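Input: a single structure, listed below in structure tokens.
Readers should treat all values here as calculations from the given coordinates under stated rules, not as data from a laboratory. No experiment lies behind these values; they were computed from the predicted model shown. Every residue, glycine among them, receives a Cβ derived from its backbone with ideal geometry; neighbour counts consider all protein chains shown.
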Amino acid sequence: MTDLTITELWVRYAVNGGILDAVQGVSFDVAAGAAVGLVGESGSGKSSLARAVVGITPIAAGSVTVDGRPVVARPGPGGVQMVFQDPIGSLNPSRRVMDLVSEPLRIAGVPRTLRRERAAQMLREVGLDPETFARRRPAQLSGGQAQRVAIGRALLAEPEVLVADEPVSGLDVSVQAGIINLLHRVTVERGMSLLLVSHDLAVVRTLCEAVVVMQHGQVREQGPADRVLAAPRHEYTRELLAAVPTLEAGP
Ligand code: ADP
Ligand code: MG
């Protein structure tokens, strides 16, 4: 079983001749098989942290380890995989769904016939009929369908940890729940750890047993989702919760 450990992580950008510390000494764990929600307002450093965790943004200081091993950016199987906010944009527009989903298998050297078989099986698992979708290109998919392709591809890489950065915030409200349920089902079934970045506390409440609250690149509060969302200890968490629109709050 796999534990993701983030220790004193710093992410730094060079901007306008100065530096911007987007993530400032953040530490937390995602226990094996657990789902942790990372919340905070826009610009608080969530994506910078997520990208550093999967190795696509350099780490200025600190470490990210999976079971004590440093995470290395690699396209092949294992390790950490990421699902992005803009599913269509995250897929190579010139490739077909079958090739996009099976890419991790190609990199792993799985023979073509087996690759296509496993990719078709994965498409079914993420709710896409291979007959209908295998030959489409990203532009011929809805946002929700593209996110299913991205999730299927990430799963075929057999990651130990899945990082999802706002995976439903670019999608129609009507398809968000389907994607959230899918993420929940596939990670629980595989005992896979999930780091879910979201500004939507309702989504985090549904999926995550623990929450990390970030503001200005720092952790303000962390703990069990039940406790943090029901009885926040930090003023900033209270503000975030208060900012959530509720259906009851009519005109
Ligand atoms: P969030 O995902 O919580 O909205 P981000 O990690 O995207 O936050 O951004 C945190 C801060 O880092 C913001 O001030 C943002 O403008 C800045 N930032 C993010 N990415 C870059 C980048 N590639 N270069 C320079 N600054 C960046
Ligand atoms: Mg972001």
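Worth pointing out:
- Centroid-to-centroid separation of segment 21-43 and segment 178-251 [C-alpha atoms, Å]: 11
- The chain - mean residue ellipticity at 222 nm from DSSP helices (-39,500 (n - 2.57) per run, n ≥ 4, rounded to 500): -10500 deg cm²/dmol
- The H on the amide N of GLN85, modeled in the peptide plane, is under 5 Å from the matching H of ASP165, each at least 5 residues off or on a different chain.
- In plain terms, the bigger the Kirkwood radius, the slower the diffusion; for segment 16-77, with that radius from Cα pairs, at 37 °C and 0.692 mPa s, Stokes-Einstein puts D at 247 µm²/s.
- Cα gyration tensor, segment 45-114 - rounded (a/c under 1.5), prolate or oblate: oblate
- Spread of Cα-to-Cα distances over 10 Å intervals beginning at zero, given as percent, for segment 124-231: 13, 43, 32, 10, 3
- Sum of side-chain charges, ALA32 neighbourhood, beta-carbon under 11 Å (Lys, Arg +1; Asp, Glu -1): -4
- Cα-derived Rg over Rh, computed across the chain with Rh taken as Kirkwood radius: 0.98
- Antiparallel %, DSSP beta bridges [both residues in segment 111-251], to 5: 55
- Of the trypsin sites (Lys or Arg not before Pro) found in segment 150-237, those that fall in a DSSP loop while having at most 15 other beta-carbon atoms within 10 Å are ARG233.
- For segment 164-174, putting each phi into the Karplus relation 6.51 cos²θ - 1.76 cosθ + 1.60 with θ = phi - 60° gives couplings of 10, 9, 6, x, 10, 6, x, 9, 4, 3, 5 Hz, in residue order, rounded to whole numbers and with x for Gly and Pro.
- Per residue, the Cα convex hull of segment 78-159 amounts to 79 Å³.
- Selected from LEU201, LEU162, LEU38 as most flexible by GNM, with the chain as the system and alpha-carbon contacts under 10 Å: LEU201
- Taking all Cα pairs closer than 8 Å and separated by 6 or more residues, the relative contact order of the chain comes to 26 percent.
- Put simply, the amide H of GLU221, placed in the peptide plane, has neighbours under 5 Å in VAL213, leaving out anything fewer than 5 places away on its chain.
- Segment 132-249: relative contact order as a whole-number percent, Cα under 8 Å and 6+ apart: 18
- Annotation: amide H-H contacts under 5 Å for GLU158 (H modelled 1.01 Å from N, sequence separation of 5 or more, or interchain): GLY78.
- Candidates per trypsin sites (Lys or Arg not before Pro) in segment 107-148, loop by DSSP, up to 15 other Cβ within 10 Å: ARG135
- For segment 146-160, 3J(HN,Hα) per residue [Karplus equation, 6.51 cos²θ - 1.76 cosθ + 1.60, θ = phi - 60°, Hz, x = Gly/Pro]: 5, 5, 5, 4, 4, 5, x, 4, 4, 5, 5, 7, 6, x, 7
- Relative contact order, percent, segment 49-121 [alpha-carbon distance under 8 Å, six or more residues apart]: 23
- Where trypsin sites (Lys or Arg not before Pro) fall in DSSP loop in segment 5-51, at most 10 other Cβ within 10 Å: none
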